[in-house]
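I have placed the structure first, in the form of structure tokens, so that the comments after it can refer back to it.
The values are calculated or read from the model by the stated rules, or taken from the named source; none is laboratory data. Worth saying up front: this structure is predicted, and the values here are computed from it rather than measured. Here the Cβ positions follow ideal geometry from the backbone for every residue, glycine too, while neighbour counts run over all protein chains shown.
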Amino acid sequence: MLLEVRDLHVEFRTRDGVAKAVNGVSYGVDAGETLAVLGESGSGKSVTAQAVMGILDTPPGRITGGEILFRGRDLLRLKEEERRAIRGAGMAMIFQDALSALNPVLSVGDQLGEMFVVHRGMSRKDARAKAVELMDRVRIPAAKERVRQYPHQFSGGMRQRVMIAMAMALEPALIIADEPTTALDVTVQAQVMDLLAELRREYGMALVLITHDLGVVADVADRIAVMYAGRIVESAPVHDIYQTPAHPYTRGLLDSVPRLDHKGRELHAVKGLPPSLLDIPSGCAFHPRCPTARDVCRTDAPPRYEVSENRGSACHFWRECLYG
Ligand code: SF4
Ligand code: MG
């Protein structure tokens, strides 16, 4: 297994108390595999990714337990310089907001080239040539000219292509994309997602795709992990989850996705709001919103039930949900 997150716990100290952002997340990603991590905002999907990348640097954030194994080594036990070497060459991240992720005062070419200067010891001139090549690769037109331009001179979609180029520069084994298309227009979203999927296939990279949009994952992902209140509530191969969700929350999310075969059916998102991470509900954290909650759900936190060999559900009543 390329990446294995084991029982990860992350807390944030806030003025109002301790926010439990990640509460025992475990998942694995094989080489070349695409895992979609799905959840509402505040479900812990980005925080988990930031912990994996080693960029959980917001001062109050703290990893309080667990392991993050990359090619079998626990990243949480490495020195910062070893970590930095893995970042870039081993794994890279694409952020939602390319404008704030890129350096505004460096040309795009200098930023792309920097990767090759720092990690590959290339000359500035060779690095510049590599930058142009990469920009071509992500289909930015007139790369030779645009390599001198600054991030603000690019459209949102083109900027996201630059981010993808940065992430791919050193051909990492793993890319984590955190809502990579959320900030873009719908048509541009599809183009950027297609590009990402194409490059992933071509380079055989593993991809962790973080999204709140079930609509985008069906074509791209091999497996889905659904997060709620800092836990994975269901994980399964993509087609299984679409056909027969084994958790009421997943079912709710699926019902909120417009589908052709559901024409005319009323759209309803999952009712209610995600809980405050300062005060996560007892038992099953989903119980205040769950249409099938019972007494036991308020007192007993469901473990991960093995639904089948590579499926899990954290619902006491997963059988009813599955065969319901
Ligand atoms: Fe709903 Fe209970 Fe299952 Fe939680 S454990 S999802 S509250 S039925
Ligand atoms: Mg997020």
With the requirement that a residue be without any contact (Cβ under 8 Å) to a residue 12 or more places away in the chain and among the small types (Gly, Ala, Ser), what does the stretch 183-228 give you? 190
Give just the number: which of (1) free of Cβ contacts under 8 Å to residues at least 40 places away in the same chain; (2) more than 16 Å from residue 232 (Cβ to Cβ) does residue 302 not satisfy? (2)
If residue 303 satisfies every condition in (1) surrounded by 12 or more Cβ atoms within 10 Å (Cβ to Cβ); (2) within 16 Å of ligand 1 (Cβ to nearest atom); (3) at pLDDT 90 or above but one, which is the exception? (1)
Cβ pairs under 7 Å, 6+ apart, first in the stretch 89-106 and free of Cβ contacts under 8 Å to residues at least 24 places away in the same chain and closer than 16 Å to residue 172 by Cβ, second of a type outside the set (S, T, N, Q) and within 16 Å of ligand 1 (Cβ to nearest atom): none
Report, by residue number, each residue of the stretch 241-259 that is out of contact with any strand residue (DSSP E or B) (no Cβ under 8 Å at 6 or more places or on another chain) and either within 14 Å of ligand 1 (Cβ to nearest atom) or part of a helix (DSSP H, G or I) (or both). 242, 243, 248, 251, 252, 254, 255
Restricting to the stretch 222-240, give me the number of residues that are at pLDDT below 95 and under 16 Å from residue 319 (Cβ atoms). 1
All but one of (1) crowded, with 19+ Cβ neighbours inside 10 Å; (2) more than 14 Å from the chain's Cα centre (by Cα) hold for residue 91, so report the exception by its number. (2)
Taking the stretch 273-297, which residues are away from ligand 1 (no atom under 12 Å from the Cβ) and either exposed (fewer than 15 other Cβ atoms within 10 Å of the Cβ) or modelled with pLDDT under 85 (or both)? 273, 276, 278, 279
Give me the pairs, please: first residue somewhere in the stretch 271-282 and in contact (Cβ under 8 Å) with a residue 12 or more places away in the chain, second residue anywhere and of a type in the set (Ser, Thr, Tyr), beta-carbon distance under 8 Å, and either six or more positions apart or on two chains. 274/41; 274/43; 274/228; 278/14; 282/299
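Condition check ((1) out of contact with any helix residue (DSSP H, G or I) (no Cβ under 9 Å at 6 or more places or on another chain); (2) under 22 Å from residue 177 (Cβ atoms)) across all residues:
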{"position": "2", "(1), (2)": "yes, yes"}
{"position": "16", "(1), (2)": "yes, no"}
{"position": "26", "(1), (2)": "yes, yes"}
{"position": "53", "(1), (2)": "no, yes"}
{"position": "59", "(1), (2)": "yes, no"}
From the residues in the stretch 132-145 that are more than 13 Å from residue 161 (Cβ to Cβ) and in contact (Cβ under 8 Å) with a residue 12 or more places away in the chain, which one is surrounded by the fewest Cβ atoms within 10 Å (Cβ to Cβ)? 144
What residue, among those in the stretch 169-188 that are closer than 18 Å to residue 34 by Cα and of a type outside the set (A, V, I, L, M, F, W, C), is farthest from the chain's Cα centre (by Cα)? 171
